[in-house]
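Notes follow the structure.
The values are calculated or read from the model by the stated rules, or taken from the named source; none is laboratory data. Keep in mind it's a predicted model, so treat the numbers as computed, not measured. Methodologically, a virtual Cβ is constructed for each residue, glycine included, from the backbone with ideal geometry; neighbour enumeration extends over all protein chains shown. Protein only, heavy atoms only, side chains kept; ligands, DNA and RNA dropped before computing areas. Shrake-Rupley method; radii C 1.70, N 1.55, O 1.52, S 1.80 Å.
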Amino acid sequence: MARVIDEYVTSLREQLRGPEHVKEDLLAEARDSLDDAAAAYRSGGLAEEAAQRRAVADFGPAAVIAREYQGLLALAHGARTLRTLLLVPVAHLGWELNRGFWVGAWPRFDVPPPDWYLAVARANDSAAWVVAAVAVASLLAGRWLVRRGVAAGTLARLAGAVSAVSVAAVLSGNLAIMTATALVDAARLALPPPVAAATLVPLAIALRLAVLARRCLLLTPAS
């Protein structure tokens, strides 16, 4: 029995990288289209192998189709990365609640802190919510752009770039407030162990997001 379609789909699978469930859906759709086309050619009088070869030829070269599918896989990964950014404010809120339980209200400074410290503190507190807003806006904008025919690869690169910048902003904010606090009142960095441990959660999320953002850019086919 001819295995032309099987070999074509296997070739596609070997060239694709990305979320497995999305990849399998794309391959299943490709196989269904090829099977339908081959069936139509068989009903027109072609032998099995000839019908499959004609169906594959009509579908397009595997390298070309794989490139199109790779863009869709990268876009799916990019959307997942943007959705993961929504965990940033959740982690920030969890840290604040944990700190409130174990520490309570922050004690007043012995000497009023300088204006630059207050600016750093406000920026750090706002960063998580700004990142979440940017993620939501990017997801909505991505859907709008997809409907207008913008290439999936282009959108995937944008998603990766937005995620990378967001992660850099969050990590920079955390580093800035820790450094500023050390300069103004280092004693405030001596947190109870549960609060210190909770500090690792936002850091772990940020590092995971950095990996996802990098992978998003790597999965995107070159222009």
When restricted to F109, F101, the only residue outside any helix (DSSP H, G or I), aromatic (F, W, Y) and at negative phi is F109
Within the range 175-184, identify whether any single residue is exposed (fewer than 13 other Cβ atoms within 10 Å of the Cβ) and modelled with pLDDT under 90, and answer yes or no.
no
Note on A197: of the conditions (1) over 26 Å from W116 (Cβ atoms); (2) at pLDDT 90 or above; (3) among the hydrophobic types (A, V, I, L, M, F, W, C); (4) surrounded by fewer than 16 Cβ atoms within 10 Å (Cβ to Cβ), unmet is (2)
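Quick check on my filter: what residues within the range 99-115 are under 19 Å from A127 (Cα atoms) and surrounded by 10 or more Cβ atoms within 10 Å (Cβ to Cβ)?
Within the range 99-115, the subset under 19 Å from A127 (Cα atoms) is 99, 115.
The one that is under 19 Å from A127 (Cα atoms) and surrounded by 10 or more Cβ atoms within 10 Å (Cβ to Cβ): R99.
Does A135 satisfy the condition of being in contact with a Gly (Cβ under 7 Å, 6 or more places away or on another chain), open to solvent by less than 60 Å² (accessible area, probe 1.4 Å) and part of a helix (DSSP H, G or I)?
Details: in contact with a Gly (Cβ under 7 Å, 6 or more places away or on another chain): no; open to solvent by less than 60 Å² (accessible area, probe 1.4 Å): yes; part of a helix (DSSP H, G or I): yes.
No.
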Looking at the structure I just gave you, is R157 closer than 30 Å to L73 by Cα and surrounded by 18 or more Cβ atoms within 10 Å (Cβ to Cβ)?
yes
Single match in V88, V130 (criterion: in a helix (DSSP H, G or I), open to solvent by 40 Å² or more (accessible area, probe 1.4 Å) and either in contact (Cβ under 8 Å) with a residue 24 or more places away in the chain or under 30 Å from L72 (Cα atoms) (or both)):
V130
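So which residues in the range 4-35 are touching a helix residue (DSSP H, G or I) at 6+ places or on another chain (Cβ under 8 Å), of a type in the set (D, E, K, R) and open to solvent by 30 Å² or more (accessible area, probe 1.4 Å), if there are any at all? Give the derivation first.
Within the range 4-35, the subset touching a helix residue (DSSP H, G or I) at 6+ places or on another chain (Cβ under 8 Å) is 4-5, 8-9, 11-13, 15-19, 22-23, 26-27, 30-31, 33-35.
With of a type in the set (D, E, K, R) added as a condition, the list becomes 13, 17, 23, 31, 35.
Across the range 4-35, the qualifying residues are R13, R17, R31, D35.
Evaluate the following for L73: is it of a type outside the set (S, T, Y), open to solvent by 30 Å² or more (accessible area, probe 1.4 Å) and assigned to a helix (DSSP H, G or I)?
On the way: of a type outside the set (S, T, Y): yes; open to solvent by 30 Å² or more (accessible area, probe 1.4 Å): no; assigned to a helix (DSSP H, G or I): yes.
Criteria not met by L73.
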Candidates D125, D115 - the one that is free of Cβ contacts under 8 Å to residues at least 40 places away in the same chain and within 23 Å of A196 (Cβ to Cβ):
D125
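For the range 200-210, how many residues meet the condition of being within 14 Å of R99 (Cβ to Cβ) and open to solvent by less than 70 Å² (accessible area, probe 1.4 Å)? Give the derivation first.
At the first step, the residues of the range 200-210 found to be within 14 Å of R99 (Cβ to Cβ) are 200-202.
Imposing the further condition that a residue be open to solvent by less than 70 Å² (accessible area, probe 1.4 Å) reduces the set to 202.
Count: 1.
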Run L140 past the list (1) within 21 Å of the chain's Cα centre (by Cα); (2) within 30 Å of L183 (Cβ to Cβ); (3) not aromatic (F, W, Y) and report the number of the one that doesn't hold.
(2)
Please determine whether any residue of the range 143-154 is out of contact with any Asp or Glu (no Cβ under 8 Å at 6 or more places or on another chain), farther than 30 Å from L75 by Cβ and open to solvent by 30 Å² or more (accessible area, probe 1.4 Å).
no
